[in-house]
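Single-structure report; data block below.
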Amino acid sequence: MTALAPYACHPADSRGRLHHESLSTFRSPWQRDRDRIIHSSAFRRLKHKTQVFVEHDGEGWRGDYFRTRLTHTIEVAQVARTIAGALNLNADLAETVALAHDLGHPPFGHTGEDALAALMAPYGGFDHNAQALRIVTRLERHYADFDGLNLTWESLEGIAKHNGPVTGRLPYALAEVNALWDLELHTNASAEAQVAAVADDVAYNHHDLHDGLRAGLFTEADLAELPVIGPAFAEVDRLYPGLDPTRRRYEALRRVFGVMVEDVIAVAQNRLTGLQPRSADEIRAMDGPIIRFSKPLYQNIKAIKAFLFQRMYRAPSVVVERTHATRMLNDLFPLFLSEPDRLPDQWRDVAVGLNDPVERARLVLDYVAGMTDRYAIAEHQRLIGG
């Protein structure tokens, strides 16, 4: 195995865990964190949470091929390991942050997040990154000695800051964790967490093209004028004239995928060679991220994102589902807030005993945000109908 770079996060230098535990004899701290995330209840629930299309969408078997939040997460983790390995970073930490980055997503994807943010505005708001921290520090309750998963400082930092330093007023869930253990929110995250963030962009830009084509929201011809994508299809046509349409699509889009990954690696290698950071903390102290796309590719990706926003994320059929999902959460949250006896036993007993409306709202949020798409749909049907 290639030795880690000096600016990588080294297991021996980990800042440890909030609750002391003996070291594992055969797993590094971040391998252990990764395994705890994979075995968590929140991770399993991602299999029935929306990426773009609501989990029950599709005509019969066709819906089975769309990404869910879980398959998206697995793809992000794969990209993160690839990039981290190429840069001699700690691939286990990059994978851990990638696997945890969407644990806090509610049902119905970003539509659900927008709805819950509005509903929670009087009670401290809602942010899926902060909710992921709440899950791994409080809401997972499987261990005898502590609530949460007792992840290392580096994993918590990565969840909190993988998209960059966090400034301004903090979401309450993040503020609570940071009060227990200073995550140095004003600095950059480790290079490994930055890798996880870029891997997220690579994964969804790639697979949303696949899913949009499969859903019939646009065609290959619609993509011909887009940067990176158009040339990829042209290259496939040159190399494989008359190729079966399905193979043609995969061959072209895997080239798009390759362009993004190779660009990130090349830019990072060039910057790391020039800057010569000597530790992970030097990465954290830099003016900006060390892991990013080149400026030309970033502009090309902005054009691709603009296309996907118009033709996919705001497609009429998707907007209908977004409206329906928002209505369900707008019905369920106030119902549980005003009638906590409607909650399941383990939630009801706590909620009924809470006199503080903010604390009760946050407990209801934890319950609703943890729902899968299909459970939210079923509960809405059972409690409200329609």
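Among Arg360, Arg374, which is the only one that is assigned to a helix (DSSP H, G or I) and buried (at least 19 other Cβ atoms within 10 Å of the Cβ)? Step through it out loud before you land on a result.
Working: Arg374 fails: buried (at least 19 other Cβ atoms within 10 Å of the Cβ).
The match here is Arg360.
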Contacts under 7 angstrom Cβ, first residue in the stretch 9-36 being among the aromatic types (Phe, Trp, Tyr), partner in a loop (DSSP other than H, G, I, E, B), 6 or more apart: Trp30/Asn90
Every residue from the stretch 18-63 that is modelled with pLDDT of 95 or more, surrounded by 15 or more Cβ atoms within 10 Å (Cβ to Cβ), more than 14 Å from the chain's Cα centre (by Cα) and among the small types (Gly, Ala, Ser): Ser28, Ser40
Which listed residue is in a loop (DSSP other than H, G, I, E, B) and either touching a His at 6+ places or on another chain (Cβ under 7 Å) or of a type in the set (Lys, Arg) (or both), from Ala189, Ala203: Ala189
Subset of the stretch 90-114 that is open to solvent by less than 10 Å² (accessible area, probe 1.4 Å) and of a type in the set (Gly, Ala, Ser) - its residue that is modelled with the lowest pLDDT: Gly109
Enumeration of residues in the stretch 245-295 that are in a loop (DSSP other than H, G, I, E, B) and either open to solvent by 90 Å² or more (accessible area, probe 1.4 Å) or under 16 Å from Gly85 (Cα atoms) (or both): Gln276, Arg278, Asp287, Ile290, Ile291, Arg292
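Within the stretch 363-371, identify whether any single residue is over 15 Å from Leu139 (Cβ atoms) and either surrounded by 14 or more Cβ atoms within 10 Å (Cβ to Cβ) or touching a residue at least 12 places away in the same chain (Cβ under 8 Å) (or both), and answer yes or no.
no
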Residues (part of a loop (DSSP other than H, G, I, E, B) and surrounded by 19 or more Cβ atoms within 10 Å (Cβ to Cβ)) located in the stretch 125-169: Phe126, Asp127, Glu140, Gly148, Leu149, Asn150, Leu151, His162, Val166
Selection count where residues are acidic (Asp, Glu) and not in a helix (DSSP H, G or I), scope the stretch 335-345: 1
Criterion: touching a Lys or Arg at 6+ places or on another chain (Cβ under 7 Å) and modelled with pLDDT of 95 or more - qualifying residue of Ala130, Ala189: Ala189
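Scanning the stretch 1-32 for residues that are in a loop (DSSP other than H, G, I, E, B) and among the aromatic types (Phe, Trp, Tyr), which turns out farthest from Val195 (Cα to Cα)?
Looking at the filtered set, the residue picked out is Phe26.
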Residue list for the stretch 296-334, filter: surrounded by 14 or more Cβ atoms within 10 Å (Cβ to Cβ) and not in a helix (DSSP H, G or I): Ala315
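The values are calculated or read from the model by the stated rules, or taken from the named source; none is laboratory data. All figures in this text were calculated on a predicted structure; none of them were measured in a lab. Because the Cβ atoms are built from the backbone with ideal geometry, glycine has one as well, and the counts that use them run over all protein chains shown. Just the protein is used for accessible areas: all its heavy atoms, side chains included, with ligands, DNA and RNA removed. Shrake-Rupley method; radii C 1.70, N 1.55, O 1.52, S 1.80 Å.
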